[in-house]
Amino acid sequence: MAGVFTKHNETGYANALICEAEGLESLRAALRDAGVSRIQVPEVHSVSETEMVIKAIESRPATSTMLEMLGEGLAQMHMSPRSHYGWARDNFIGFSPQPNRWSDSWGEFFVENRLGYQVSRIAEPSVKALFREALSKHGGALAAWLNEHCTHPSLLHGDLWSGNALFDAQTPWLIDPAVYCGDREADIAMTEMFGGFGLPFYEAYDRVYPRSLVYDQKRDIYNLYHYLNHYNLFGHGYLEGCKRGLSMLERVVE
């Protein structure tokens, strides 16, 4: 089939691509409902346990205009409130399971279903004990702090690093989501984890939906989830990032 890209399931989880296809369709619907026409999501032609066939994207380097389009459109999508935090079913972030449920408490959901789950996967006993003790001691206070600084649930891409935003000659494209509903600044935090999307993106986002005054603190806490996930997948090269997030966690609850 011309103009398509076939992605094969290399995760070891039978339903990973099916969940990804559902995430793509959820993003498409959320952008449409928010009136965003300048961000696209590739159409899923077919999906099975072994492969997913989607529209191929002729990717090229992002221009400032493209980054502005992405920032504005993402902010518009994030402005649309959802009814609950979480998601209806478990899905995946990269090669890792991502457990979900519906919740009325963003803080509890993030502490339990994001940080707590990744801590449970740590293999090194001393590292696991360090993070488990911190969550046991500070988890309740962190949940309360996050609730205080989150205004409403937004649909999140969930894995929004630079490799998952592509650009062709006309528009930005979002791929490889790990969708759920949460604090919109969790999405923006991850864009900064591996170098950032460039100043035009952040300026455009803030023009539409300015980040909160505590964004810098939230950034390190939200990226703790991703650093823990990378640590569990790829090892000690990501441990320093985990400890940086832990340090911020402890500071905001003092």
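The values are calculated or read from the model by the stated rules, or taken from the named source; none is laboratory data. Because the structure is predicted, anything quoted here is derived from the model rather than measured. Cβ placement follows ideal geometry from the backbone for every residue including glycine, while neighbour counts extend to all protein chains displayed.
Okay, here's what the table says:
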{"read-out": "Some residue of the range 134-142 being in contact (Cβ under 8 Å) with a residue 40 or more places away in the chain and either assigned to a loop (DSSP other than H, G, I, E, B) or under 27 Å from R32 (Cα atoms) (or both)", "value": "no"}
{"read-out": "Verdict on A129 being more than 20 Å from F167 (Cβ to Cβ), exposed (fewer than 14 other Cβ atoms within 10 Å of the Cβ) and either in contact with a Lys or Arg (Cβ under 9 Å, 6 or more places away or on another chain) or without any contact (Cβ under 8 Å) to a residue 24 or more places away in the chain (or both)", "value": "yes"}
{"read-out": "Candidate set: the range 72-88, residues that are assigned to a loop (DSSP other than H, G, I, E, B) and under 23 Å from I39 (Cα atoms); chosen: the one nearest to the chain's Cα centre (by Cα)", "value": "W87"}
{"read-out": "Single condition G196 does not satisfy, out of (1) under 25 Å from E25 (Cα atoms); (2) at pLDDT below 95; (3) not aliphatic (A, V, I, L, M)", "value": "(1)"}
{"read-out": "Matching entry among V53, V47, V36 (being among the hydrophobic types (A, V, I, L, M, F, W, C), closer than 24 Å to L199 by Cα and either touching a helix residue (DSSP H, G or I) at 6+ places or on another chain (Cβ under 8 Å) or in contact (Cβ under 8 Å) with a residue 12 or more places away in the chain (or both))", "value": "V36"}
{"read-out": "Enumeration of residues in the range 165-211 that are over 21 Å from G107 (Cβ atoms), touching a Lys or Arg at 6+ places or on another chain (Cβ under 8 Å) and among the hydrophobic types (A, V, I, L, M, F, W, C)", "value": "F167, A169"}
{"read-out": "Close pairs from the range 188-209: first under 22 Å from S80 (Cα atoms) and in contact (Cβ under 8 Å) with a residue 24 or more places away in the chain, partner of a type in the set (K, R) and part of a loop (DSSP other than H, G, I, E, B), Cβ under 7 Å, at least 6 apart", "value": "I188/R211"}
{"read-out": "So E68, is it at pLDDT 95 or above, part of a helix (DSSP H, G or I) and charged (D, E, K, R)", "value": "yes"}
{"read-out": "Total residues in the range 154-178, condition in contact with an Asp or Glu (Cβ under 8 Å, 6 or more places away or on another chain) and buried (at least 21 other Cβ atoms within 10 Å of the Cβ)", "value": "8"}
{"read-out": "Residue selected from the range 213-254 under the condition more than 17 Å from I188 (Cα to Cα) and among the polar types (S, T, N, Q), by the criterion surrounded by the fewest Cβ atoms within 10 Å (Cβ to Cβ)", "value": "S247"}
{"read-out": "Test: residue in the range 42-64 that is hydrophobic (A, V, I, L, M, F, W, C) and either within 18 Å of the chain's Cα centre (by Cα) or assigned to a helix (DSSP H, G or I) (or both)", "value": "no"}
{"read-out": "Residues located in the range 1-29, provided they are of a type in the set (A, V, I, L, M, F, W, C), closer than 18 Å to Q98 by Cβ and surrounded by 12 or more Cβ atoms within 10 Å (Cβ to Cβ)", "value": "A16, L17, I18, C19, A21, L24, L27"}
{"read-out": "All positions within the range 192-212 that are surrounded by 14 or more Cβ atoms within 10 Å (Cβ to Cβ), part of a helix (DSSP H, G or I) and not charged (D, E, K, R)", "value": "P200, F201, Y202, A204, Y205, V208"}
